[in-house]
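Undergrad: Below you will find the structure I want to go over with you.
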Amino acid sequence: MAMSNPDRNSFSTSIREILHKYNLPLPEDLLQNPPSKHQWKTTFRNATTDYWESTWKEELSTQSTAKYIQVQSAPIGHPHNLWASTNPKPHEVRRAELKARLLTRTYILQSNTVRFNRNEVSATCKLCNMGDETREHLLLTCKAHTQVRSEEMNMLQQIIGRQEFAAIRCNGDLLIQTILDCTHVSLQQHINLSRKQKTDVERWSQIYCEQISSSRTGQLSEAI
Ligand SMILES: [Zn+2]
């Protein structure tokens, strides 16, 4: 962690921002008293879990749309799968945050924008014009991301198995539940995932969401 010039070094700036956001020690303090790898993983996971569980609980208390989130009753020491599957590295944290925004519906899509600018903005997807750009549209059906989706769905099938994949692929609600939070109790009667599979599915889903998001951003900027 080179800290000599944080403004010009995006890597160290990124680390500084992450530490600040999750109320973790300053980089200088970590360099002076470096924790062991195990201590650091535990501290990081507790801090991120604390932050996101309170965000999710707030969301759950106000919105029925947070139905895909499985929130544990005692989160500290038992981080949500999203964070338990994430290594404390800047690019993995960024990816996990993007996934967390999709999970909590705080990732801004046309369908969110229209709530604030009802007269000036349309909820219709700008990339395919074939429906409102909702989270479900983005992740499951938007034709603009078909190639990314089909490649990544093959990966998901390899992780969970052909039969399990067949059980969820035709049911949009089960598929989006698997993408957003594969630990949710509602999935247990349909697919039985091992602990390792839950980690692998979560890591896969973070990459999937990142790729879909990049595909969206790239195509939107080309369209301007
Ligand atoms: Zn679309």
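The values are calculated or read from the model by the stated rules, or taken from the named source; none is laboratory data. Model, not experiment: these values are computed from the prediction. Heads up, the Cβs are rebuilt from the backbone with ideal geometry, glycines too, and the neighbour counts pull from every protein chain shown.
Undergrad: Looking at segment 60-76, can you tell me whether even one residue there is outside any helix (DSSP H, G or I), at pLDDT 95 or above and either more than 16 Å from the ligand (Cβ to nearest atom) or over 16 Å from the mean Cα position of the chain (by Cα) (or both)?
TA: For segment 60-76, residues outside any helix (DSSP H, G or I), at pLDDT 95 or above and either more than 16 Å from the ligand (Cβ to nearest atom) or over 16 Å from the mean Cα position of the chain (by Cα) (or both): absent.
Undergrad: Here is a follow-up. For segment 138-193, give me the residue count where each residue is surrounded by 19 or more Cβ atoms within 10 Å (Cβ to Cβ), under 28 Å from Ser221 (Cβ atoms) and among the β-branched types (Val, Ile, Thr).
TA: Result for segment 138-193: 1.
Undergrad: Only residues that are in a loop (DSSP other than H, G, I, E, B) and within 15 Å of Phe165 (Cα to Cα): list them for segment 182-208, please.
TA: Those that are in a loop (DSSP other than H, G, I, E, B) and within 15 Å of Phe165 (Cα to Cα): Cys182, Gln188, Gln189, His190, Ile191, Asn192, Leu193, Ser194.
Undergrad: Could you figure out which of (1) at pLDDT 95 or above; (2) of a type outside the set (A, V, I, L, M); (3) farther than 21 Å from Ser213 by Cα isn't true of Asn117?
TA: In the conditions (1) at pLDDT 95 or above; (2) of a type outside the set (A, V, I, L, M); (3) farther than 21 Å from Ser213 by Cα, Asn117 misses (1) alone.
Undergrad: Select from segment 153-164 the residues that are without any contact (Cβ under 8 Å) to a residue 12 or more places away in the chain and over 20 Å from the mean Cα position of the chain (by Cα) and write down the one among them that is nearest to the ligand (Cβ to nearest atom).
TA: The selected residue is Gln158.
Undergrad: Let me ask something else. Going through segment 129-152 one residue at a time, which ones are more than 15 Å from Ser213 (Cα to Cα) and within 8 Å of the ligand (Cβ to nearest atom)?
TA: Asn129, Met130, Gly131
Undergrad: So in segment 4-33, with the set limited to residues that are hydrophobic (A, V, I, L, M, F, W, C) and surrounded by 15 or more Cβ atoms within 10 Å (Cβ to Cβ), which one is modelled with the lowest pLDDT?
TA: Ile15
Undergrad: Right, here's the next one. Return the residue satisfying two criteria in turn: it lies in segment 108-128 and is farther than 24 Å from Lys67 by Cβ and hydroxyl-bearing (Ser, Thr, Tyr), and of such residues it is nearest to the ligand (Cβ to nearest atom).
TA: Here the answer is Thr124.
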